[in-house]
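The values are calculated or read from the model by the stated rules, or taken from the named source; none is laboratory data. Predicted model only: the values in this text are computed from it and were never measured. Reconstructed Cβ throughout: ideal geometry from the backbone, glycine too, with neighbour counts over all protein chains shown.
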Amino acid sequence: MNTTTCPSSAPATPEPGRLARLTAARAFERTLSARQQLDDVLDQEIAGARRLEGRDAALARAIAITSFRHLGTISQAVDARLAQGARSLPRPVQAILVTAAAQILFMEAADHAAVDVAVALTKLQPEGLRFAGVVNAVLRKIGREAQSIRDGMAPLGADTPHWLREAWIRDHGKTHARAIAASFSEELALDLTVRADAPGWAARLDAIMLPTGSLRLRQRTPVHELPGYAEGAWWVQDASSAVPARLLGLCAGQTVLDMCAAPGGKTAQLAALGAQVTALDRSRQRLGILSQNMSRLGLSADMVVADGTQFEHEPYDAVLLDAPCTATGTIRRHPDIAWTKTPQDQAKLVALQARLIHRAADLTRRSGTLIYCTCSLQAAEGEDQVSAVLAARPDLALLPIAQTEIGVAGCTTARGEFRALPHQLHGDSARVSGWGGFFAARFVRQ
C-alpha cells in the first residue's frame with residue numbers, strides 16, 4: 001500500500017475506544033510513509049492523544065502491530081474487494097480500512113463493532129463522508145469471508161515481502177525460510193538478562209530458564225512493575241542478542257569498546273563482568289537513554305558520542321561491534337521492519353558495516369578479541385561480511401564459536417559463527433518458543 005501521514009487533528013475528538021483505533025491507524029500510516037520505527041511513532045501518537053492511556057493505549061499498540069504482522073494478507077483481502085484496489089482511496093482511509101480488517105481477521109473483534117467504528121472514523125477524515133459506504137461494504141465482506149482468508153495464508157506467502165523471501169531461501173534453504181516466516185506470525189515473550197542468581201529470579205518472576213542463561217517471561221506484566229526492576233537486578237534483552245558479549249571471555253579490569261552501543265544491553269553485560277567499558281554511539285539521545293539504564297542497574301561505563309567509522313583511540317583488549325543492520329531478525333517483535341526496509345537500505349548498511357569492521361579491527365590490540373554481530377537474517381550482513389574481512393585483513397583470524405558455548409543445538413555454522421534462526425528454541429507454547437534472528441563472528445587480531 002502507498003501511504004502518507006494522517007492529519008494530526010480531526011474535526012471531532014472520538015471517545016477513548018475510537019481514539020485508540022484512530023491512533024493505531026495514524027501510527028500505521030506514519031510508519032509506512034516516513035519509514036520510521038513503529039514503536040517511536042506509537043509513542044508519539046499515544047502521547048499526542050491525551051485521553052489515551054492504560055488499556056486503550058495498549059489496544060492502539062496491539063492493533064498497529066497486528067496490522068503490520070499480517071499486512072500482506074490484509075492488503076490482498078482489501079484489494080480483492082475493491083474494484084480499483086485500496087490505492088483508489090485516500091490514504092487516511094486506507095489506514096483505517098487496514099487496521100479495522102486486522103481487528104476482524106486476527107484480533108477476534110466483533111465484526112459489527114469494528115465496522116461501525118471504522119465507518120465513524122472514516123467520516124472524521126477530510127472528504128471521508130463519500131468513502132464511508134465503501135469502507136462499510138469492504139469490511140462486511142471481509143468479516144463474512146474471514147475464515148477463508150485465514151485459510152489461504154501460508155508461510156513465505158503474502159506476509160513476507162518478495163525480496164526477503166528470496167534472500168532467506170537463498171541463504172538458509174526453503175525449509176528454514178518457511179519456518180522463519182511462520183515464526184514471525186506469532187508474538188514472542190520478553191527475555192531478561194540477570195546480573196546474578198538466574199535460577200532464583202526465574203522462580204520469583206515465574207520465568208523460563210533458557211539454555212543460554214537468559215530468562216523468558218511467561219506473563220505480560222509491564223516490566224517496570226516486576227520484582228527486581230527498580231533495584232536493577234535484570235534488564236530486558238533478547239536471548240540471542242545476549243550471546244555475543246558472553247563469547248568475549250572477558251576478565252575483570254580488561255578494556256572493551258562497545259561500538260554502536262545503544263540501547264545498552266551488551267554494555268550492561270560487559271560492565272557487570274567487571275570490564276572497563278567504553279560505550280560508543282553516534283546518537284547523543286540514544287546514549288542518554290543508555291546512561292539512564294546503566295544508572296538504574298548501578299553499573300558504569302564511559303560514554304562517548306562519536307561516529308564509529310572515524311573514532312580514534314588506543315587499542316582495546318576487546319571490541320564488540322553490534323553493527324547497524326536491517327534488523328530482520330527482530331521482525332517477530334517489530335513486524336513493521338518487513339515493510340519499511342528495502343534492498344537499497346541493505347546495500348547501504350552492508351557498506352557501512354564493512355567500514356565499521358575495519359575500524360573495529362584497528363581498535364583491537366594484538367592478540368585481542370573482536371566480535372562482529374548483527375540482528376539480520378541475511379548472509380549479506382553476516383557470513384558474507386566475514387568472508388570479505390578475512391580476505392582483506394590478514395591480521396584477523398576467525399576464532400570459532402563452539403555450540404557448547406551457547407547451549408542451543410544447530411546455531412553454529414560450519415566455519416564456527418553463531419547463527420540464530422527465529423524458529424529455534426522450542427517451548428511449551430508458540431509465545432515462549434523461538435528467539436530473535438542473530439549473527440555473530442569472533443576474531444582474534446594476530
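Scoring GLY200 on the criteria (1) part of a loop (DSSP other than H, G, I, E, B); (2) at negative phi; (3) surrounded by fewer than 20 Cβ atoms within 10 Å (Cβ to Cβ); (4) not assigned by TED's automatic domain parsing to the domain that holds GLU381 leaves a single failure, condition (1). Looking at ARG87, ARG144, just one residue is without any contact (Cβ under 8 Å) to a residue 60 or more places away in the chain, surrounded by fewer than 17 Cβ atoms within 10 Å (Cβ to Cβ) and of a type in the set (Lys, Arg), and that residue is ARG144.
A single member of ALA252, ALA261, ALA318, ALA279 is assigned to a loop (DSSP other than H, G, I, E, B) and in contact with a Ser or Thr (Cβ under 6 Å, 6 or more places away or on another chain), and it is ALA261. A single entry from GLY48, GLY72 fulfils the requirement of being modelled with pLDDT of 95 or more, surrounded by fewer than 22 Cβ atoms within 10 Å (Cβ to Cβ) and assigned by TED's automatic domain parsing to the domain that holds LEU129: GLY72.
Listed here are the residues, each with its yes/no results for (1) free of Cβ contacts under 8 Å to residues at least 40 places away in the same chain; (2) surrounded by fewer than 16 Cβ atoms within 10 Å (Cβ to Cβ).
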{"position": "LEU215", "(1), (2)": "yes, no"}
{"position": "THR221", "(1), (2)": "yes, yes"}
{"position": "ALA239", "(1), (2)": "no, no"}
{"position": "ASP258", "(1), (2)": "no, no"}
{"position": "THR267", "(1), (2)": "yes, no"}
{"position": "LEU270", "(1), (2)": "no, no"}
{"position": "ASP307", "(1), (2)": "yes, yes"}
{"position": "GLU312", "(1), (2)": "yes, yes"}
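Give ARG30, ARG26 a once-over and let me know the one that is crowded, with 16+ Cβ neighbours inside 10 Å, basic (Lys, Arg) and closer than 30 Å to PRO155 by Cβ. On inspection, the qualifying residue turns out to be ARG30.
For segment 171-183, state whether one or more residues are on the phi > 0 side of the Ramachandran plot and outside any loop (DSSP other than H, G, I, E, B). Yes, because at least one residue in segment 171-183 is on the phi > 0 side of the Ramachandran plot and outside any loop (DSSP other than H, G, I, E, B). Cβ-Cβ distances below 7 Å connect the following pairs, each with a first residue in segment 9-32 that is over 19 Å from MET107 (Cβ atoms) and part of a helix (DSSP H, G or I), a second residue that is of a type in the set (S, T, N, Q) and modelled with pLDDT under 95, and a separation of six or more residues or different chains: ARG30/THR5; ARG30/GLN36; LEU32/THR3.
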